[in-house]
Amino acid sequence: MRRYTVATVMGWGPCYNLAEVKELFGRRRSATLVDMLSSAKLDDSDAIWCAFRAMGARQRRLFGCDCAESVVHLTTDPRVAKCIAVARLYADGLATDEELRAAYAAAYAAADAAYDAAYDAAYAPSAAHAAASAAHAAASAAHAAASAAPSAAHAASYADHAADAADAAATYDAERETQRHALLALALAGEIQ
């Protein structure tokens, strides 16, 4: 299994300074991705950040698609699922830049439409607003997958529109934890190193 050093992590440009990265490594001279994803010293966001630096572009895009698919059920707009499918094809070289841009634009339009519906329903019962915002969250997740955002958790962050701040924070945290565990499973299986 590939091992990473303090110098490697510093080369990735973390928000931590050198002393903090050394503290995370403790007495170890190097760590595997499994070590990083399992570390209690790293919060979910930082562990995912490390995993994304170790992954290739194809792996990041496909993981983003997996995350988007976990919330696609929140919308019935077919543009969202199509965007995820095109992003998967693009990751394997089976879709062109133009096809990806078109799917991205369609998913973005779906997100805008869902947001507009949520805004229009703002004075309606909160359930209607939450449903429209949930659709926006799923469309935004597809948008994040298509753009291969550095953090696949964009899907969860868009849930802010679907619930009040406390619920959204809990949803975001739960999604980050789920993503960290999924990445750890991939690392343990040797699919990412």
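Applying the set (1) modelled with pLDDT under 90; (2) over 20 Å from the mean Cα position of the chain (by Cα) to Lys22 leaves exactly one unmet item: (1). Filtered by the rule that a residue be outside any helix (DSSP H, G or I) and under 18 Å from Glu69 (Cβ atoms), region 167-193 gives a lone residue, Glu191.
Please verify whether region 15-34 includes one or more residues that are in a helix (DSSP H, G or I) and closer than 22 Å to Ala189 by Cβ. Yes, some residue in region 15-34 is in a helix (DSSP H, G or I) and closer than 22 Å to Ala189 by Cβ. Of all the numbered requirements in (1) part of a helix (DSSP H, G or I); (2) at pLDDT 65 or above, Thr76 misses one, and that requirement is (1).
The values are calculated or read from the model by the stated rules, or taken from the named source; none is laboratory data. No experiment lies behind these values; they were computed from the predicted model shown. Backbone-built Cβ (ideal geometry, glycine too); neighbour counts: all protein chains shown.
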